[in-house]
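Here the structure is laid out as structure tokens; the discussion comes afterwards.
The values are calculated or read from the model by the stated rules, or taken from the named source; none is laboratory data. As the structure is a prediction and not an experimental result, all values here were calculated from the model. Cβ atoms come from the backbone with ideal geometry, glycine included; neighbour counts cover every protein chain shown. For accessibility, only protein heavy atoms count, side chains too; no ligands or nucleic acids. Shrake-Rupley method; radii C 1.70, N 1.55, O 1.52, S 1.80 Å.
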Amino acid sequence: MPTPTVEPPLFDESHLDAIVLSFGILLRVISFFLSSNTGGDAWAREGITAHWLQHPSFQLNFGPWLPLHFWLMGGLATILGDNVRIAGRLLSLLAGTTSLFVFRNLVRTVFGGGAAQIGLIFFSLCSLDIAYSATSSSEAVYLLFILLGLLGYFKFREFGKLQSLAFSGIFLSFAAGTRYEAWPFILSISALIAVSVWREHQHRLVNAVRPFLVLALTAGFFPVLILINNWIKFHHVLYGVTMNHEWVAEQLTLNHPSLIYRLSLFFGVLLLTLTPIVIVGGTYGFFQSFRTTAGTEFALMTAFFSCIQFYQIASGGEMAFARYTITLGTLLSALGGYGVNEILLKFPGKRRTLQPAFAGILLLNLLALWVLSATPNRFSEKLASISPILRYPHRIESLAAFMRTRLSPADHLVIDDYNSESNIVAQALGLPLPATSRAFLASITPASELPRYIEQQHPRYIIYARHGVLEKRLPVEGNRALGVSNAQVRCTFRNDLYSVYEVFYR
């Protein structure tokens, strides 16, 4: 009688892995204390959560964003005494550090222990994953759910337990309730299980269909709930996706990046954040993956997700922001671990030398990205978006340095919108949450409501942005802001983008 296969412990650590895990956690904690809470929609999510906590409800749409991250932020903030600022960032830190353990076990399940060791080095030293484990954006939380979902699926493939598949479906559903990037993973896993059903239907139809039903009932929960809600409330099942298309169209009109630039940006970001070692290893690992069933499925998921993401960029459904490479970078880190491990198997005597060398190269890359992004040079603003320590753009840093010493707790102000960053300016100025209690944010409130705001609140400062939305609504002529009656204005600050006008009411 054959000996039954025993499932290994979920997080069996070796000495080397423990060192890498500890160092990866340390880097994320350092970033947590040194990074500004910027990048993506971090501040907007905090403001929306703070507003939602004033009147909490079972809300399924937060503008174009999915609900789960807001619920989690709100729940943790409640535990922390309604401190949304700490809750949002702490949630990401917890998710980012936990992801290290889950990633290691996922790669070990799919590709083996050697690949997991090398892949963990790559993932733990990925600058974008470090940076977004320190902000209140949703990337770190979403990525943890994706990794848990993939781990459960490949455990199911290894041992055939429906409990593992249910575990996978639950966390894939959580990911799908956090970001739309999770939806392609549910589709690809559903397709893989459907192929299994088709292969086995002649002999064991009931047993073959059961995994598909388990996945549909678990992974499909949030997507179905959101689609139904969108249809009832907006008469459009993909309401958030449509809103994002409109927003991307506005951004493309503002920045005019070419399609070639937007598509090549992803390759450049991945090359800089992961280094050529991971890119070459990941490419080799991708093709080598087809030698095993688990590797084939992982490679197909990676290819499917990549095709969907690049199609979204090309069709105007998604901006080519650096942070959107985090998912693909994580998958490449796993494939890179496998590919590099396969190469090292051909040179067994070099392994002990090359593994520390790889770690050293990635550490030097992290240091270079941070130093170049923090010091004045022609590339610093570009590199700031991929640095392990996030900071505000220089135009916002100089504006905030000027305003912080002049703003009193009672002052109201108007903040123009350029590149959807009026909320980031509000955060840099240290305004309370929600910022709309003290400021008119042109990225949130329609410009048509500005005259009434000025009449009621008498803002002390008006912050204009070159090519912003207020140039035509509230133009300045001499020492008068046309539309502000019985008042004079004086320009007190100007940089390459922002101008600050102090308002004196009669």
### Message
Restricting to the range 129-169, count the residues that are open to solvent by less than 10 Å² (accessible area, probe 1.4 Å) and without any contact (Cβ under 8 Å) to a residue 40 or more places away in the chain.
### Response
2
### Query
Looking at LEU429, is it at negative phi and either touching a Lys or Arg at 6+ places or on another chain (Cβ under 7 Å) or at pLDDT below 80 (or both)?
yes
### Message
Here is a check on your reading of the model: is GLU471 outside any loop (DSSP other than H, G, I, E, B) and surrounded by fewer than 22 Cβ atoms within 10 Å (Cβ to Cβ)?
### Response
no
### Message
If I ask for residues that are under 20 Å from TYR453 (Cα atoms) and either in contact with a helix residue (DSSP H, G or I) (Cβ under 6 Å, 6 or more places away or on another chain) or surrounded by fewer than 16 Cβ atoms within 10 Å (Cβ to Cβ) (or both), which ones from the range 488-501 would you list?
### Response
GLN488, ARG490
### Query
Filter the range 343-356 for residues that are under 19 Å from ASP17 (Cβ atoms) and either at pLDDT 95 or above or of a type in the set (A, V, I, L, M) (or both); which is most open to solvent (accessible area, probe 1.4 Å)?
LEU345
### Task
Of all residues in the range 52-93, count the ones that are assigned to a helix (DSSP H, G or I) and buried (at least 17 other Cβ atoms within 10 Å of the Cβ).
20
### Query
Quick one: which of PRO434, PRO388 is touching a residue at least 60 places away in the same chain (Cβ under 8 Å), under 29 Å from the mean Cα position of the chain (by Cα), buried (at least 21 other Cβ atoms within 10 Å of the Cβ) and more than 24 Å from GLN54 (Cβ to Cβ)?
PRO388
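Conditions (1) of a type in the set (A, V, I, L, M, F, W, C); (2) at pLDDT 95 or above, marked per residue:
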{"site": "ILE260", "(1), (2)": "yes, no"}
{"site": "PHE266", "(1), (2)": "yes, no"}
{"site": "VAL280", "(1), (2)": "yes, yes"}
{"site": "GLN288", "(1), (2)": "no, yes"}
{"site": "THR296", "(1), (2)": "no, yes"}
{"site": "ALA299", "(1), (2)": "yes, yes"}
{"site": "PHE310", "(1), (2)": "yes, no"}
{"site": "ALA320", "(1), (2)": "yes, no"}
#### Entry: Residue in the range 106-116 that is touching a helix residue (DSSP H, G or I) at 6+ places or on another chain (Cβ under 6 Å), within 20 Å of THR273 (Cα to Cα) and open to solvent by 10 Å² or more (accessible area, probe 1.4 Å) present
no
### Query
Do you know which of the residues in the range 312-322 that are buried (at least 21 other Cβ atoms within 10 Å of the Cβ) and in a helix (DSSP H, G or I) is nearest to the chain's Cα centre (by Cα)?
ALA322
### Message
Can you confirm whether LEU227 is at pLDDT 90 or above and open to solvent by 60 Å² or more (accessible area, probe 1.4 Å)?
### Response
no
### Residue among ILE308, ILE386 that alone is of a type in the set (Val, Ile, Thr) and part of a loop (DSSP other than H, G, I, E, B)
ILE386
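Here is a yes/no grid of residues against (1) over 26 Å from the mean Cα position of the chain (by Cα); (2) in a helix (DSSP H, G or I):
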site: LEU344; (1), (2): yes, yes
site: ARG352; (1), (2): yes, yes
site: ILE361; (1), (2): no, yes
site: LEU364; (1), (2): no, yes
site: LEU372; (1), (2): no, yes
site: TYR392; (1), (2): no, no
site: ILE396; (1), (2): no, yes
site: ALA401; (1), (2): yes, yes
site: SER408; (1), (2): yes, no
